[in-house]
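Before any comments, here is the structure.
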Amino acid sequence: MRAALAAATEDALVYDLDGIAARYDALTEELPGVDVRFAMKACPVEEVLARLAGRGAGFDAASPGEIARALATGVPAHRVHYGNTVKSDRDIARAYRLGVRDFATDSVEDVTALAGHAPGARVFCRLATSGEGALWGLSRKFGCSADDAVRGLETARDAGLVPAGLSVHVGSQQMTAEAWRQAFAALAEVLTALHGRGIVPDHVNLGGGLPALGYADRRGERLDPPLDKIFAVLREGMERLASLSPRPLDFVVEPGRHLVADHGAVRAHVSRLTSRRRPDGEREHWLYLSCGKFNGLYEMDEVRYPLVFPSRPNAAGADLVPAVVAGPTCDSDDAYAHEHRRVRVPGAVASGDPVWVLSAGAYAASYMTEGFNGFAPLPRVCVGGDGPDVRVRRVAEDDWPRIAALEAEAYASASLSEGVAALRSRGRASPATCFVLETGDRVVGYALALPYPRLRYPDLTRPEERAHDSRNLHLHDLVIARDLRGRGLGGRLLRHLTAVAGRSSYERISLVAVGGTAGFWAGRGYRPEPGAELHGAYGEGAVYMSRPVRHDRSGGPEEGF
Ligand SMILES: *Cc1c(COP(=O)(O)O)cnc(C)c1O
């Protein structure tokens, strides 16, 4: 992470994928047997989602758009739940079509809508919490009383839905174990009431709220959340609820902030350090950074992030001046809370000096304006994960046996394998749009694309007889070695292909989604084209899909997506 920050010459949002994976592993060790559904809004970054999915996480999604992005990682739909209690009829129907069956609710109105648009779905009801002890209580907008929860799940049962569980959220960056103790007390009460009415939920969702460890509060005091105690209370509470239940009870957590906050940082730069006299006569330093509330540091009014000035590594004592730290926009909220204490910063910083804002990985990518005052969203850089030695290159002649082996591994069980001769014929038809992905000297994936008239596609039972001339590029096949799936490598190949298409004269990319992968492609902007009739060889449920190509001639090989 430090190396990536030091190497950055421009502002960026930097994520350490290995750090995020390690935090995930630590969490699953603390809470054995508990399913983790990452709250996507905390970091909707493709590589992060892919890494967590590869580790075994599922996703807490809040809209059809998030559901599609979750499915694009390759996780099965049963590892994604619709955790937002706020949804329209249309949202519910779209989520259901995408395969999601678990829905949060907190009102009878929503339950009725679920019965209409997601028949047979599993419903879990969110109980209100006080939000006390959290930096961001989420109490008023969400959750219902114990009575309403019982009524809601009874309504669900009577409407043919499955009254599957209960959920809570104790508020984000919850600093006390007591909040979870109270949540368990409320859960126990409602579970008992439900049991008395013949409803026996099979799971309890303990929500998010687990804290980040690296923040300071508004006054600049280091926050030191009692994480060990929180985990102990969680284990104890789960045991107690399980002992109350006449059938096995599973548990789910939906961490957002806890997994990503401390493993993301903003590389910003100094706009200027100024000194001005206020109307009341006091002299005040202001440190304006290139990033603030609207481009990377949305939560800066509630917390302070550690700042590092790598160009002034030894500044101390008299070299430091107390300053109000603020972002670059013309909005006076774009600043750290400073009524209590200023941040001590090197007095010698100059415009353009780099600044590292640490523990800024949560809610940075999502709460980023599109260009308020002309400040562009920060580009994202992910380090770790697939390592620096992954590269994409064109197919060479001696790659074909390996490609055929990868293909057979991927499709043999679905009887879709077409064999080396047919594969090679597709590659020969368009060498500029066929690639392999290599780590070290091992080919671990490939993508074969070739021009094909719109709504037409290769016949799996025979080789290409001729090359087509078309503005439609057909992505015939994309495969990643089984042991390396879930690390974003498929996305890497696809970005490369998309960028190549964007620099050529292609107008659309099409493909046939086979074996239930339509959700993956929908998350990448592909939409079904009803005009295409697929013949049987592509298997049950195959869907012809396409998306337009965006022409961005400035893009490098990894962009254009
Ligand atoms: C935002 C959210 C979370 C994640 O909260 P954190 O405090 O970031 O852990 C979890 N569940 C739901 C339903 C949410 O809306």
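So which of LEU127, LEU153, LEU210 is in contact with a His (Cβ under 8 Å, 6 or more places away or on another chain) and either free of Cβ contacts under 8 Å to residues at least 12 places away in the same chain or surrounded by 21 or more Cβ atoms within 10 Å (Cβ to Cβ) (or both)?
LEU210
Here is a list: ALA315, ALA335, ALA360. Which entry is under 25 Å from ARG2 (Cβ atoms), hydrophobic (A, V, I, L, M, F, W, C) and at pLDDT below 95?
On inspection, the qualifying residue turns out to be ALA315.
Going through PRO255, PRO225 one at a time, which residue ends up being assigned by TED's automatic domain parsing to the domain that holds ALA26, in a loop (DSSP other than H, G, I, E, B), within 15 Å of VAL170 (Cα to Cα) and within 21 Å of the chain's Cα centre (by Cα)?
Being assigned by TED's automatic domain parsing to the domain that holds ALA26, in a loop (DSSP other than H, G, I, E, B), within 15 Å of VAL170 (Cα to Cα) and within 21 Å of the chain's Cα centre (by Cα) holds for just one of PRO255, PRO225, which is PRO255.
Scan the range 406-416 residue by residue and report those that are of a type in the set (Ser, Thr, Tyr) and either in contact with a His (Cβ under 6 Å, 6 or more places away or on another chain) or buried (at least 17 other Cβ atoms within 10 Å of the Cβ) (or both). Break it down into steps so the answer makes sense when it comes.
Looking only at the range 406-416, we keep the residues that are of a type in the set (Ser, Thr, Tyr), and these are 411, 413, 415.
Answer for the range 406-416, where residues must be of a type in the set (Ser, Thr, Tyr) and either in contact with a His (Cβ under 6 Å, 6 or more places away or on another chain) or buried (at least 17 other Cβ atoms within 10 Å of the Cβ) (or both): just TYR411.
So the check is Cβ under 7 Å with 6+ separation or different chains; which pairs have a first residue in the range 399-424 that's over 18 Å from GLU438 (Cβ atoms) and a second one that's assigned to a helix (DSSP H, G or I) and among the aliphatic types (A, V, I, L, M)?
Filtered contacts from the range 399-424: SER417/ALA408; GLY419/ALA404; VAL420/ALA404.
Any idea which residue in the range 139-150 is nearest to the ligand (Cβ to nearest atom), counting only those that are surrounded by fewer than 20 Cβ atoms within 10 Å (Cβ to Cβ) and part of a loop (DSSP other than H, G, I, E, B)?
LYS141
Considering the range 76-112 alone, what residues qualify as being touching a residue at least 60 places away in the same chain (Cβ under 8 Å) and in a loop (DSSP other than H, G, I, E, B)?
Hits for the range 76-112 are GLY83, LEU98, GLY99.
Any chance the range 29-43 includes a residue that's outside any loop (DSSP other than H, G, I, E, B) and of a type in the set (Gly, Ala, Ser)?
yes
Check the range 162-170 and report whether any residue there is out of contact with any helix residue (DSSP H, G or I) (no Cβ under 6 Å at 6 or more places or on another chain) and in a loop (DSSP other than H, G, I, E, B).
yes
Identify, by number, the condition in (1) more than 14 Å from the chain's Cα centre (by Cα); (2) buried (at least 22 other Cβ atoms within 10 Å of the Cβ) that ALA72 doesn't meet.
(1)
Could you please find all residues in the range 170-182 being away from the ligand (no atom under 13 Å from the Cβ) and either hydrophobic (A, V, I, L, M, F, W, C) or closer than 11 Å to ILE230 by Cβ (or both)?
The answer is THR176, ALA177, GLU178, ARG181.
Just checking, how many residues over the range 188-212 are assigned to a loop (DSSP other than H, G, I, E, B) and away from the ligand (no atom under 13 Å from the Cβ)?
6
Could you pull out the residue among ASP301, ASP250, ASP319 that is among the charged types (D, E, K, R) and out of contact with any strand residue (DSSP E or B) (no Cβ under 6 Å at 6 or more places or on another chain)?
When all the criteria are applied, what remains is ASP301.
Can you confirm whether the range 385-394 contains a residue that is modelled with pLDDT under 95, surrounded by 20 or more Cβ atoms within 10 Å (Cβ to Cβ) and closer than 16 Å to TYR15 by Cα?
So far as the range 385-394 goes, yes, one or more of its residues are modelled with pLDDT under 95, surrounded by 20 or more Cβ atoms within 10 Å (Cβ to Cβ) and closer than 16 Å to TYR15 by Cα.
List the number of the failed condition for ASP217; all other conditions in (1) among the charged types (D, E, K, R); (2) in contact (Cβ under 8 Å) with a residue 12 or more places away in the chain; (3) outside the structural domain of PRO44 (by TED's automatic domain parsing) hold.
(3)
Given the conditions (1) surrounded by fewer than 15 Cβ atoms within 10 Å (Cβ to Cβ); (2) out of contact with any helix residue (DSSP H, G or I) (no Cβ under 7 Å at 6 or more places or on another chain), and given that ASP399 satisfies all but one, which numbered condition is not satisfied?
Status for ASP399: all satisfied but (1).
Before we move on, is VAL420 on the phi < 0 side of the Ramachandran plot, among the β-branched types (Val, Ile, Thr), in contact with a Pro (Cβ under 8 Å, 6 or more places away or on another chain) and surrounded by 20 or more Cβ atoms within 10 Å (Cβ to Cβ)?
So VAL420 does not fit the description; no.
Is it the case that some residue within the range 238-249 is within 16 Å of the ligand (Cβ to nearest atom), outside any strand (DSSP E or B) and either touching a Phe, Trp or Tyr at 6+ places or on another chain (Cβ under 6 Å) or acidic (Asp, Glu) (or both)?
No, the conditions are met nowhere in the range 238-249.
Based on what the data block shows, is PRO354 more than 30 Å from ASP319 (Cβ to Cβ), more than 16 Å from the ligand (Cβ to nearest atom) and surrounded by fewer than 21 Cβ atoms within 10 Å (Cβ to Cβ)? Explain how you work it out, then say what you get.
Details: more than 30 Å from ASP319 (Cβ to Cβ): no; more than 16 Å from the ligand (Cβ to nearest atom): yes; surrounded by fewer than 21 Cβ atoms within 10 Å (Cβ to Cβ): yes.
When the stated conditions are applied, PRO354 does not pass them.
The values are calculated or read from the model by the stated rules, or taken from the named source; none is laboratory data. Quantities reported herein were computed from a predicted structural model and do not represent experimental measurements. Glycine gets a Cβ as well: all are built from the backbone with ideal geometry, and neighbour counts include every protein chain shown.
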